[in-house]
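The values are calculated or read from the model by the stated rules, or taken from the named source; none is laboratory data. Note that the coordinates shown come from a computational prediction; the quantities given were computed from them, not determined experimentally. Note: ideal-geometry Cβ built from the backbone for every residue, glycine included; neighbour counts use all protein chains shown. Protein only, heavy atoms only, side chains kept; ligands, DNA and RNA dropped before computing areas. Shrake-Rupley method; radii C 1.70, N 1.55, O 1.52, S 1.80 Å.
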Amino acid sequence: EALSDVDGLIAALDKKIAKKRLLKQGAMQQFLTGKKRLPGFTDEWVEKKLGDIGYTYSGLTGKGKEDFGRGNAKYVTFLNVLSNPILKEELFESVAVSETEHQNKAKFGDLFFNTSSETPEDVGTCAVLLSHQNNLYLNSFCFGYRLTDNNILGLYLAYYFRSNTGRQLMTALAQGATRYNLSKELFNSSYITLPNTLKEQQAIATILSDMDKEIADLEAQRDKYRLL
């Protein structure tokens, strides 16, 4: 009886998590396209070319298997980018990078995109770095994107590129036959439409990150019951 009660709790939480995820998808579709506006915001949205508001950079180069799993530097894994709109620090892994190497360091606010996948729908999944790191690099299967426009919020873009609209754009840019790749050149020449003010971008991103936190709390609760 005790075990079936716990099973019941886990099933109920799974159902609640699924419902919250659907609500978040709906919110993303409404708020990230301008179909629904938050109270107090009436400014016209603007169209921006990605190459005009930031620039791309490559991940680690010239690294062998022996360089990973050791060293005083950290790197962002491919899976961390795929799995999380906001990168998780606990998932950074060690890599050996000497002071004489010319590698691109990741900085607070940078966005990361996976460049390759077996299906076009999975190319260009986006994550943002929201912690300050001294010696952090990016895996070689992704590219970084650093904003140069101070009126654009990285967290907002991370959610945008994970929304249906953002996914459609990335899927359209994917090139290939058996394996699909995302070209930095095509990425930089693409346009997106977004709120004109940082304040509205922040308000939308806050709503979505609060929903993510709620889902993560429910998942932690469910995992605790599974351990029990």
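The C-alpha radius of gyration of the stretch 84-134, expressed as a fraction of 2.2 N^0.38 Å, stands at 1.34. Electrostatic tally near Thr100: other residues with Cβ closer than 15 Å to its Cβ, Lys and Arg +1, Asp and Glu -1, net -1. In units of the rule-of-thumb radius 2.2 N^0.38 Å, the stretch 102-182 shows an alpha carbon radius of gyration of 1.13.
Fully extending the segment from Ser131 to Lys107 would add 7.8 nm, taking 0.36 nm per residue of separation and subtracting the current Cα-Cα distance. Of all complete DSSP H helices in the chain, those with a Cα span along the helix axis of 27 Å or greater and a mean Kyte-Doolittle hydropathy of -0.5 or more are 2-31. Counting every pair of alpha carbons in the chain, the share spaced more than 30 Å apart comes to 32 percent. Once backbone amide H atoms are built at 1.01 Å from N, Gly54 has Thr148 as its partners under 5 Å, excluding neighbours fewer than 5 places away on the same chain. The listed peptides 166-172, 111-117, 5-11, 64-70, ordered by packing as a protection proxy, come out as 111-117, 166-172, 5-11, 64-70 (highest mean of other Cβ atoms within 10 Å first). Applying a DSSP loop filter and a limit of 16 other Cβ atoms within 10 Å to the chymotrypsin sites (Phe, Trp or Tyr not before Pro) in the stretch 125-228 leaves Phe141.
Legend: calculated FRET efficiency, Ile207 to Asp5, from the Cβ-Cβ distance at R0 = 41 Å, rounded to 0.05, equals 0.75. Centroid-to-centroid, using Cα positions, the stretch 150-178 and the stretch 74-124 are 16 Å apart.
Rounded to the nearest whole Å², what accessible area per residue is found for the chain with the 1.4 Å probe?
55
Annotation note: GluC sites (Glu not before Pro) in the stretch 72-118 located in DSSP loop regions with a Cβ neighbour count of at most 12 within 10 Å are Glu99, Glu118. Near the amide H of Asn139, within less than 5 Å, lie the amide hydrogens of Leu60, Val76, all on another chain or at least 5 residues away, with H placed in the peptide plane. As a size descriptor, the averaged projected area of the C-alpha convex hull of the stretch 119-228 was calculated at 9.8 nm².
Taking the Cα centre as origin and putting +1 on Lys and Arg beta-carbons and -1 on Asp and Glu beta-carbons, what dipole magnitude results for the chain, to the nearest 20 debye? Please report the intermediate quantities before stating the final value.
Details: 28 positive and 28 negative charges, 69 e Å.
My answer is approximately 340 debye.
Using just its DSSP H runs of length 4 or more, each adding -39500 (n - 2.57), the chain gives a mean residue ellipticity at 222 nm of -13000 deg cm²/dmol after division by all residues. Here the chain has 51 percent of its accessible surface on carbon and sulfur atoms, given a 1.4 Å probe and all protein chains in place. Of all lysines in the structure, the ones whose alpha carbon falls short of 24 Å from that of Lys199, not counting any fewer than 8 places away in one chain, are Lys24, Lys35, Lys36, Lys48, Lys49, Lys107, Lys213.
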